[in-house]
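Have a look at the structure below, then the notes.
The values are calculated or read from the model by the stated rules, or taken from the named source; none is laboratory data. In this text, all values refer to a predicted model and were calculated from it rather than measured experimentally. Here the Cβ positions follow ideal geometry from the backbone for every residue, glycine too, while neighbour counts run over all protein chains shown. For the accessible areas, the whole protein counts, side chains as well, though only heavy atoms, and no ligand, DNA or RNA atoms are used. Shrake-Rupley method; radii C 1.70, N 1.55, O 1.52, S 1.80 Å.
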Amino acid sequence: MADTLEFNEIYQEVKGSMNDGRLRLSRQGVIFKNSKTGKVDNIQASELAEGVWRRVALGHGLKLLTKNGHVYKYDGFRESEFDKLSDFFKAHYRLELAEKDLCVKGWNWGTVRFGGQLLSFDIGEQPVFEIPLSNVSQCTTGKNEVTLEFHQNDDAEVSLMEVRFYVPPTQEDGVDPVEAFAQNVLSKADVIQATGDAICIFRELQCLTPRGRYDIRIYPTFLHLHGKTFDYKIPYTTVLRLFLLPHKDQRQMFFVISLDPPIKQGQTRYHFLILLFSKDEDISLTLNMNEEEVEKRFEGRLTKNMSGSLYEMVSRVMKALVNRKITVPGNFQGHSGAQCITCSYKASSGLLYPLERGFIYVHKPPVHIRFDEISFVNFARGTTTTRSFDFEIETKQGTQYTFSSIEREEYGKLFDFVNAKKLNIKNRGLKEGMKQSYDEYADSDEDQHDAYLERMKEEGKIREENANDSSDGSGEETDESFNPGEEDDDVAEEFDSNASASSSSGDGDSDRDEKKPAKKAKIVKDRKPRKKQPESKKGKDPNAPKRPMSAYMLWLNANRERIKSDHPGISITDLSKKAGELWKAMSKERKEEWDRKAEDARRDYEKAMKEYSVGSKSESSKAERSKKKKKKQEKQMKGKVEKKGASSKSLSSSKSSAKSMSESFKSKEFVSSDESSSGESKKEDSEEEGAASPPPSSEESASGSD
């Protein structure tokens, strides 16, 4: 027989709720680990007093009773596992695993039996229901009646809050059955009564959750938080873990107490009690016990008189009373040297502490995640800025936690920490296998054909060819129109004609207006000539040969109607998917037939394209020759205009010489016109010196002739 038995997906009944976990039976005892909280229940083999096998709602269950009165219930077993468990109990625990069925008669009249911490309501020898007395929060009595009130269970959708028992009067003198019933309940119930003096009191401690300042009274079995508005009594049995965490500013300390079940205030549940201390605050503490009692109870962990930092005294006292280790940050050190990382969780800023066996976030809301419940972690880019990133954690139960706005300088430290703890990093595998996945997609493109992707590729190739054709045509036009030598000549001639026009004008205002284009002409001369934009974008030639279809498209066109007839009413999208599946399933020999057809179509297309390109080239050469001829005619016309302008200039110079000979015989009209023209010629001279215009004498003679 095996020395151990292990069962997964076993449910433990705790205060009315079913917590799943793993159950392990060994020679030493029974161990159950809660999957949600990680809490471990260890029952020594020597403490077991009775084992009961019975049918319950979740299959079959196992109830274990210990010698000190504790009861443990585990459900989720299969009926076939009874023999295996029974043999194991006989061999290793020397116990008979008794079979007992619950009474389902539906009667409400029976006998109440108190056994250890369990109240059992029986009808005859069969139990109807059982109540763990540790679930009782209050017990009140009335005339022939006892009322039990229970702690509210947050994990259950429906909670039992109250049960009333009718206790008939008896004829025995001096014994009240109602009071006897209530005393049996209260002796085992979880009813906290502050009897006696506190061991010590810490005054006005700053508490972050629940928020406020509280006096903490330390009693032997529970912790009492006394504030201005609320009071909380926390049994030490509900304390799950203790944490002592340094603040990022290195001047403060967090002391975190993890609670299960949590403390309640209305509908609010506090799973963590967080105290904030200043490192500079010291205290001298005297315990309300004599030295012998302190030595006997705490075995040297505490002394009657102690002094030191306030956070050290509180953590030391709590550690001794709760008898649990205090968890502190491990060897992680962030970019700034602190043992934590600043981040945000649910729109609130806080601190994330990487521990040796998990992560804890403080403070609003506090979150503790163990490594053994993490499925994977993920490093994601920040949603608002590239200066930060997000750290995502997903648990095996499917719960996701996202810690955002982490500075990117912390990435290397956090990644190394997660990698050293051998946590599964989700996006690391994606980066390493990126190239391989793309290669796989490329290989499988032929096997699993995508009709939409094929059509998009064809249209993209056509657009690319059209863009290349239009760019080639626009390039030829700009090459023809762009000639640096001719451009310079045109600018110079344009300037000369402007100068002559301005000199021939008789008005000073018009002269100034005509000089402005001359200045612009100089600027244009220095600029680089612009390329002419194509008048209209070259579209697709309807006479051009159509591109050949692929083997898949040829097969699809030939079989489209057959697919429609086989699947009446099929949509276009579903038809494409179905065709892709059929093509993928087709044998290689049948595909080769369509590949040959596609190859023949490609050859025909190439032949047609050669014939089409020869014809298009002859047409384009004719168009180019007509453009050159037209341009040559425009230049000839321009040359004739320039010659005519030169002859008029020579005629005006001869007239000016004759005019100078007969200057003394001018009339009044000629004198006035000559003065104005001479003034204009002076202005023209000053303008034409910088523009390299013809000699001023010719200009003066031209103005004089007018």
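Hey, got the dipole for the range 253-306? About the Cα centre, +1 on K and R Cβ, -1 on D and E Cβ, debye to the nearest 20?
Result for the range 253-306 is approximately 340 debye, rounded to the nearest 20.
On a full-extension model of 0.36 nm per residue, what is the gain between residue 599 and residue 627, subtracting their alpha-carbon distance, rounded to one decimal in nm?
Extra length from residue 599 to residue 627 when fully extended: 5.9 nm.
Taking R0 as 25 Å, what FRET efficiency do you get between residue 120 and residue 236 from their Cβ-Cβ distance, rounded to the nearest 0.05?
Rounded to the nearest 0.05, the efficiency is 0.35.
Quick one: how many Å² of residue 289 are accessible to a 1.4 Å probe, rounded to 10?
30
Let me spell out the model: positive unit charges on the Cβ of Lys and Arg, negative unit charges on the Cβ of Asp and Glu, origin at the Cα centre of the range 217-343. What dipole size does that give, in debye rounded to 20?
420
Taking 31 Å as the cut-off for C-alpha to C-alpha distance, list the pairs among 364/421; 296/364; 564/588; 84/325; 564/597; 36/63 that go past it.
Exceeds cut-off: 296/364; 84/325.
For the range 4-99, with every protein chain kept in place, what is the accessible area per residue (1.4 Å probe, Å²)?
It amounts to 52 Å² per residue over the range 4-99.
Give a residue-ordered list of calculated ³J(HN,Hα) values for the range 64-73 (Karplus: 6.51 cos²θ - 1.76 cosθ + 1.60, θ = phi - 60°; whole Hz; x for Gly, Pro).
Values, residue by residue: 10, 10, 9, 5, 8, x, 6, 10, 10, 10 Hz.
Could you state how much accessible area residue 269 has, in square angstrom rounded to the nearest 10, with a 1.4 Å probe and all protein chains kept in place?
Counting only protein heavy atoms, residue 269 exposes about 50 Å² to solvent.
Strictly over 28 Å apart at the Cα level, which of 461/591; 264/422; 546/577; 233/304 would you flag in this model?
With Cα atoms farther than 28 Å apart: 264/422.
Could you give the accessible area per residue of the range 111-187, probe 1.4 Å, as a whole number in Å²?
Ligands and nucleic acids excluded, the result is 59 Å² per residue.
Suppose each label sits 7 Å from its Cα in the direction of the beta carbon; what would the residue 589-residue 158 distance come out to in nanometres?
6.8
If R₀ is 60 angstrom, what is the calculated FRET efficiency for the pair residue 295 and residue 408, using the beta carbon separation as r and rounding to 0.05?
The calculated FRET efficiency here is 0.65.
Would you calculate the separation in nanometres between label points at residue 204 and residue 610, each defined as 7 Å from the Cα along the Cα-to-beta-carbon direction?
10.2
For the range 200-327, give the share of DSSP beta bridges that are antiparallel, in percent and rounded to the nearest 5; count only bridges with both residues there.
Counting only bridges with both partners in the range 200-327, antiparallel ones make up about 95 percent.
Determine, from the Cβ-Cβ distance of residue 364 and residue 419 and an R0 of 35 Å, the FRET efficiency 1/(1 + (r/R0)^6), rounded to the nearest 0.05.
Efficiency computed from Cβ-Cβ geometry: 0.75.
For the residue pair residue 281 and residue 577, what label-to-label distance in nm results when each label sits 7 Å from Cα along the Cα-to-beta-carbon direction?
With each label placed 7 Å out from Cα toward Cβ, I get 6.4 nm.
Just need the relative contact order of the range 4-99 here, percent rounded to a whole number, with Cα pairs under 8 Å and 6+ apart.
Normalised by residue count, the contact order of the range 4-99 is 22 percent.
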